[in-house]
């Protein structure tokens, strides 16, 4: 009797797995790791090109080249590392919690470090937008989050594990994408604006994803018969 139940349960799981793989999400996660990482990387490139081509900052030619290249390089390197790590294949050893925490801390430090580090550059007042500073900060925060959202969504769709630590890594990649595009779009260089409107995009993604992960865990505990995961 038990053997029959085990066989039926295994068949049911197999049927569910086949049904899942017929969906778009199932097809995406079944792709090879290199292809999943390529798709995620192309999403970042598309978001960045969108900002460069259609929303390029008016003082880009006058901005210090060394500072610009250094900022782009650091943001892009940590972004791709975070996104690539979130799409690790299943056969590789799981990341230890301290590694994920260290990556999150590095992302936060880089984001806010770039925001508060002096650029020694004063943009032409003609290139600066008019109006209250808080309005510009809110607009940049909104725009950065909007640009980074597709990176997070694609990263999660391509993830085979649905692990919460990988969700945080995808959130970091999304926030860094938003900050990178804002660097290429916004001419305001005041530290206060860069912290509240640019670096805060990373913080926003981390806080929202952390909250969603907590809610999902509570829902799973309530739905499980024993009240545990």
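All of the numbers you see were taken from the coordinates with simple rules; none came from a lab. Everything numeric in this text was worked out from a predicted model, so none of it was measured. Using ideal geometry, Cβ is built from the backbone for each residue, glycine included, and neighbour counts are taken over all protein chains shown.
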If you wrap a convex hull around the Cα atoms of the chain, how much volume per residue is inside, in Å³?
148
Only helices counted: for the chain, with every DSSP H run of 4 or more residues adding -39500 (n - 2.57) and the sum spread over all residues, [θ] at 222 nm is -24000 deg cm²/dmol
Return one number: the angle in degrees, 0 to 90 and rounded to the nearest 10, between the long axis of the Cα atoms of helix 33-54 and the longest principal axis of the Cα atoms of the chain.
30
Which of rounded, prolate or oblate describes region 139-188 when judged by the alpha-carbon gyration tensor and an a/c cut-off of 1.5?
prolate
Computed label-point distance, nm, for sites residue 149 and residue 210 using a 7 Å Cα→Cβ extension:
2.2
Using alpha-carbon coordinates, inclination of helix 164-183 to the longest axis of the chain, degrees:
20
Listing 55, 169 from the residue with the fewest other Cβ atoms within 10 Å to the one with the most, what is the order?
55, 169
So the FRET efficiency between residue 91 and residue 203, C-beta based with R0 = 41 Å and rounded to 0.05, is 0.75
Compactness of region 38-107, expressed as Rg and Dmax over alpha-carbon positions, Å:
15.6, 48
Per-selection Rg to Rh, region 112-229 - Cα, Kirkwood hydrodynamic radius
1.12
How do 162, 156, 31 line up, fewest other C-beta atoms within 10 Å first?
162, 31, 156
How tilted is helix 97-116 with respect to the longest principal axis of the chain? Cα atoms for both, answer in degrees (0 to 90, nearest 10).
20
How far is the Cα center of region 196-217 from the Cα center of region 81-104, in Å?
18
Give me the percent relative contact order of region 32-223, please, defined on Cα pairs under 8 angstrom at least 6 residues apart.
34
